[in-house]
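Read through the structure below, which is laid out as structure tokens, and then see the notes.
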Amino acid sequence: MKTKISWQEGPTYKASLSNGEHFISGDKDRDGAMNPPEMILASLAVCAGLFLKPELKKLKTDWEELDITAEAVKAEAPDLFAEITLNYEIKTELDVKELEQAILKSHDNCLVSNSLDPEIPIKYNIEYK
């Protein structure tokens with residue numbers, strides 16, 4: 001796994017992903033590009049969805065629709081997240097208890113969540129569509 005960043009101008013950077021086919025723009029001044037904390041949240045949400053899929057497959061089910069919104073509260077100091085909440089909006093036939101278990105297992109398998117400081121709580125909300 002490898003990512004290369006190239007400075008564009010001002011506070012703007014372009015990240016090239018390891019396959020060379022995809023690019024992400026990063027900017028701290030929010031003029032159309034994601035800032036680094038938003039990239040972390042987006043990565044966490046994508047990872048949560050990617051690892052939830054096989055957990056549901058083990059239960060012989062799937063989702064019809066899935067949206068995950070990642071929200072974070074920033075700590076005063078040091079400069080880090082105080083807590084993160086993943087809001088799952090899902091259309092599935094699983095009951096809430098089975099879905100919660102699948103979400104917890106997917107979290108355990110996610111490289112992004114495993115790379116975050118374990119002191120940062122990651123909470124979950126589930127809303128059925």
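The values are calculated or read from the model by the stated rules, or taken from the named source; none is laboratory data. Quick caveat, the model's predicted, so the values are computed rather than measured. Ideal geometry is used to build each Cβ from the backbone, glycine not excepted, and the neighbour counts take in all protein chains shown.
Could you tell me which of the residues LEU111, LEU116, LEU104 is on the phi < 0 side of the Ramachandran plot, in the same structural domain as LEU44 (by TED's automatic domain parsing) and surrounded by 14 or more Cβ atoms within 10 Å (Cβ to Cβ)? Don't jump to the end; show me each part of the working.
Values: LEU111 fails: surrounded by 14 or more Cβ atoms within 10 Å (Cβ to Cβ); LEU104 fails: surrounded by 14 or more Cβ atoms within 10 Å (Cβ to Cβ).
Answer to the check: LEU116.
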>> Condition first: surrounded by 13 or more Cβ atoms within 10 Å (Cβ to Cβ) and assigned to a strand (DSSP E or B). Now tell me which residues in region 28-68 satisfy that.
In response: MET34, TRP63, LEU66, ASP67, ILE68
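Within region 1-58, which residues are of a type in the set (Lys, Arg) and at pLDDT 80 or above?
Residues of region 1-58 that are of a type in the set (Lys, Arg), as a first pass: 2, 4, 14, 28, 30, 53, 57-58.
Listed by number, the residues that qualify are LYS2, LYS4, LYS14, LYS53, LYS57, LYS58.
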> With respect to the numbered conditions (1) within 26 Å of THR3 (Cβ to Cβ); (2) of a type in the set (A, V, I, L, M); (3) surrounded by 14 or more Cβ atoms within 10 Å (Cβ to Cβ), which one is the sole condition not fulfilled by LEU94?
Replying inline: (1)
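Considering only residues that are of a type in the set (Lys, Arg) and assigned to a strand (DSSP E or B), which ones fall in region 1-25? Full working, then the answer.
Going through region 1-25, the residues of a type in the set (Lys, Arg) turn out to be 2, 4, 14.
Correct list: LYS4, LYS14.
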